[in-house]
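Read the structure below first, then the notes.
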Amino acid sequence: MRKPVIAGNWKMYKTIEETVAFVEKIRPVADDAGHCEVIVAPPFTALAAAAAAARGSAIKVAAQNCHWDKEGAHTGDISTGMLRDAGCTHVIIGHSERRHDCGETDEQVNRKVKAALAAGLTPIVCVGEMLAEREKGETEKVLEGQFRLGLAGLTPADFSRIIIAYEPVWAIGTGRTATPEMAAEAHRFLRGLARLEFGESEAEGIRILYGGSVKPDNIGALMAQEEIDGALVGGASLKVDSFTALVNYPRP
Ligand code: PEP
């Protein structure tokens, strides 16, 4: 019922030339992958080139961040309208690297989500606990705070247009993956919050991706969990072979 999503977050990797070469190689892979949606998130400088190279294919292009204002004196920032102009359909919001490197808050995440929705973009909203929080038994408290503040004021119709990514911070770029059961438990918790906050059908429809050291050799077990609706992948999305294997994850 929920179409899975395989999304590659390229972070601060790839020039325009490298981006175009990659997108051209994965066009047939994405076009053949009727079982899932395929998204790539290049750096800002390569977004327009990625969108041009992806035109007419099943590949969707996401930005890795946005500002909430339409325009203004915000040196170094990019608006949601500019992302649309560059050909983006999606935008990653609240990635833990932005929360930790740039001090991004849940309130800012919320403003960005609303701005993205208003511009017709699909926000991929990231939530996830740090290792110390998990060890103190605070995972659910952290996820609930990020969910409630980050998505505050959304209507059920708004909520049905977003994607959530559960990314435990201790699993990102560390090679340490949450077990499929741990990930599924967090997803179940998030879906329960969605049910309380937005309603039954919205909770059933929301896609919750897992992110954190997903690789071709562990994606099958993760995707076998009913609660896991796809993956947001960093490192393993950078190489064509590996990204192809992720898109074509083992299916029953
Ligand atoms: C990410 O960047 O969202 C991520 C999950 O990275 P990695 O797959 O490298 O852990």
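The values are calculated or read from the model by the stated rules, or taken from the named source; none is laboratory data. Quick caveat, the model's predicted, so the values are computed rather than measured. Positions of Cβ are backbone-derived with ideal geometry, glycine not excepted, and every protein chain shown enters the neighbour counts. Accessible surface is based on the protein model in full, side chains and every heavy atom, while ligands, DNA and RNA are left aside. Shrake-Rupley method; radii C 1.70, N 1.55, O 1.52, S 1.80 Å.
Summary of values
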item: Only one of SER213, SER237 that is crowded, with 18+ Cβ neighbours inside 10 Å, on the phi > 0 side of the Ramachandran plot and hydroxyl-bearing (Ser, Thr, Tyr); result: SER213
item: THR244 part of a helix (DSSP H, G or I) and β-branched (Val, Ile, Thr); result: yes
item: Boolean, LEU196 is in contact (Cβ under 8 Å) with a residue 12 or more places away in the chain and of a type outside the set (S, T, N, Q); result: no
item: Cβ pairs under 6 Å, 6+ apart, first in the range 31-58 and more than 23 Å from GLY76 (Cα to Cα), second of a type in the set (Lys, Arg) and in a strand (DSSP E or B); result: ILE39/LYS60
item: Test: residue in the range 232-252 that is among the acidic types (Asp, Glu) and farther than 22 Å from GLU18 by Cβ; result: no
item: Residue in the range 208-227 that is away from the ligand (no atom under 15 Å from the Cβ) and under 25 Å from HIS100 (Cβ atoms) present; result: no
item: One residue from ALA54, ALA86 being of a type outside the set (D, E, K, R), more than 22 Å from LEU222 (Cβ to Cβ) and either modelled with pLDDT under 95 or open to solvent by less than 20 Å² (accessible area, probe 1.4 Å) (or both); result: ALA54
item: Unmet requirement for HIS100, which otherwise passes all of (1) within 16 Å of the ligand (Cβ to nearest atom); (2) open to solvent by 10 Å² or more (accessible area, probe 1.4 Å); (3) touching a helix residue (DSSP H, G or I) at 6+ places or on another chain (Cβ under 7 Å); result: (3)
item: Test for GLU135: is it modelled with pLDDT under 95 and open to solvent by 30 Å² or more (accessible area, probe 1.4 Å); result: yes
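For (1) open to solvent by 10 Å² or more (accessible area, probe 1.4 Å); (2) within 16 Å of the ligand (Cβ to nearest atom); (3) assigned to a helix (DSSP H, G or I), each residue gets a yes or a no:
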| site | (1), (2), (3) |
| --- | --- |
| GLY72 | yes, no, no |
| LEU117 | yes, no, yes |
| ILE124 | no, yes, no |
| GLU140 | yes, no, yes |
| LEU149 | yes, no, yes |
| ASP158 | yes, no, yes |
| TRP170 | yes, yes, yes |
